[in-house]
Amino acid sequence: MASLTLTDVRKSYGSTSVLDGVSLAMEAKEFIAFLGPSGSGKSTLLRIIAGLETADSGEVWLEGERIDGLPPGDRGVALVFQQYALYPHMTVRDNMAFGLRNAKVPIAEIAERIEKAARTLEIDQLLDRKPAQLSGGQRQRVAIGRAIVKVPKLFLLDEPLSNLDAALRNRTRVELAQLRQRVEAAVIMVTHDQAEAMTLADRIVVMNDRKIQQVGTPMEIYGCPANRFVAGFVGSPAMTMLPVTLEPEGGPSATVRLANGTRIETGVAREALRGETQFDLGLRPECVSIAPTGSGSVDAEAIIVERLGDRTLVYARLDDGSEITAVDRGDSRLRMGDRIRLAIDGRSAHLFAADGTGFHAGQAA
């Protein structure tokens with residue numbers, strides 16, 4: 001049975017539509033990330049599930065029970081806010097116990113739940129401290145602990161790492177990945193950080209323009225983007241887009257021609273392209289490499305060379321003014337302004353039609 005089911009959820013503020021018919025099914029104990037830019041509707045959707053916002057229409061079901069008409073405290077969900085919202089005058093123990101006391105949970109059970117959650121989060125030595133005595137990462141763990149003690153059916157995390165500095169965010173992301181293995185509940189996390197979504201989620205829900213653009217595993221989202229938006233939003237650096245024309249003749253795989261006349265054979269089935277001839281060719285950086293002298297198929301100029309240690313990213317400009325990102329060895333000797341030759345792995349390329357629909361290798365015609 002699905003843990004959470006959303007059916008045609010819609011929400012507007014006056015004449016401004018925020019969610020336009022969102023439907024989703026989530027499995028038990030699944031970790032899902034709502035990923036998208038600001039204004040895509042992901043936080044509003046989370047608040048509707050939590051009961052902090054009311055949908056204009058649609059249904060929200062949790063473990064077989066419709067909950068969109070229930071007050072927040074009766075829904076079986078626990079929300080961890082972006083701001084920790086800890087009571088500064090209370091100890092960690094009292095912060096974690098506060099909601100349970102209001103719900104009239106027996107004192108002995110409260111103590112047991114707190115001790116168990118504290119051990120899970122490795123904050124048992126912090127229970128008698130106040131929030132001012134804690135680091136940012138420790139406060140975040142306390143906020144998560146306050147949710148865990150409620151023993152919810154569903155955890156909702158609203159940008160849980162956004163208030164942490166880069167180093168602490170990376171460390172806490174690892175801790176969250178470990179924690180999810182010990183929590184017996186489904187989890188939804190809202191984030192605009194694709195690294196968080198790719199690292200933590202079983203599936204990613206990419207949102208934009210009030211709708212779900214694609215749902216899939218992290219590598220499905222990265223390797224088989226459904227449309228031009230997903231392809232451009234997921235991946236760093238972003239996917240290169242080059243205008244191409246479909247060659248009228250060829251084998252079962254589509255061959256396209258760049259503006260400079262270079263022909264590239266893709267892995268996309270020609271029959272899947274619906275008779276269109278004009279596309280954007282999508283290339284991840286790893287699909288484009290710096291070719292040895294005398295080889296390669298495309299001339300370019302290196303305009304930025306970004307050295308990352310294990311690899312070098314080369315942002316290049318083709319002779320027609322188009323820009324493309326390529327990967328070179330970590331010990332690359334390229335410099336800005338160098339003339340280079342690029343080798344393109346067309347079999348790993350994507351094609352995007354005028355309406356943004358994506359086509360990739362292995363996709364059924």
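The values are calculated or read from the model by the stated rules, or taken from the named source; none is laboratory data. This one's a predicted model, so the numbers in the text were calculated from it and none came from an experiment. Reconstructed Cβ throughout: ideal geometry from the backbone, glycine too, with neighbour counts over all protein chains shown.
Things worth noting here:
- Flag if residue 172 is among the hydroxyl-bearing types (Ser, Thr, Tyr), in contact (Cβ under 8 Å) with a residue 60 or more places away in the chain and either more than 21 Å from residue 43 (Cβ to Cβ) or not in a loop (DSSP other than H, G, I, E, B) (or both): no
- Checklist (1) assigned to a strand (DSSP E or B); (2) over 30 Å from residue 5 (Cβ atoms) applied to residue 125, failing item: (1)
- Unique match (being within 17 Å of residue 357 (Cβ to Cβ), among the basic types (Lys, Arg) and touching a strand residue (DSSP E or B) at 6+ places or on another chain (Cβ under 8 Å)) among 228, 263, 257: 228
- Test for residue 46: is it modelled with pLDDT of 90 or more, out of contact with any Leu (no Cβ under 9 Å at 6 or more places or on another chain) and hydrophobic (A, V, I, L, M, F, W, C): no
- Failed condition for residue 312, given (1) over 30 Å from residue 192 (Cα atoms); (2) within 26 Å of the chain's Cα centre (by Cα): (1)
- The stretch 191-230, residues that are in a loop (DSSP other than H, G, I, E, B) and either surrounded by fewer than 22 Cβ atoms within 10 Å (Cβ to Cβ) or assigned by TED's automatic domain parsing to the domain that holds residue 353 (or both): 192, 193, 202, 209, 210, 217, 224, 226
- Scanning the stretch 103-129 for residues being closer than 14 Å to residue 146 by Cα and either among the basic types (Lys, Arg) or surrounded by fewer than 11 Cβ atoms within 10 Å (Cβ to Cβ) (or both) gives a total of 4.
- The single condition among (1) in contact with a helix residue (DSSP H, G or I) (Cβ under 8 Å, 6 or more places away or on another chain); (2) surrounded by 15 or more Cβ atoms within 10 Å (Cβ to Cβ) that residue 363 does not meet is (2).
- Number of the exception - residue 3 against (1) at pLDDT 95 or above; (2) under 18 Å from residue 216 (Cα atoms); (3) not aromatic (Phe, Trp, Tyr): (1)
- Test: residue in the stretch 129-144 that is of a type in the set (Gly, Ala, Ser), touching a Ser or Thr at 6+ places or on another chain (Cβ under 8 Å) and not in a strand (DSSP E or B): yes
- Residues in the stretch 255-268 that are out of contact with any Phe, Trp or Tyr (no Cβ under 8 Å at 6 or more places or on another chain) and either part of a strand (DSSP E or B) or surrounded by 16 or more Cβ atoms within 10 Å (Cβ to Cβ) (or both): 255, 257, 258, 262, 263, 264, 265, 266, 267.
- Any hit, the stretch 36-55, residues being without any contact (Cβ under 8 Å) to a residue 40 or more places away in the chain and in contact with a strand residue (DSSP E or B) (Cβ under 7 Å, 6 or more places away or on another chain): yes
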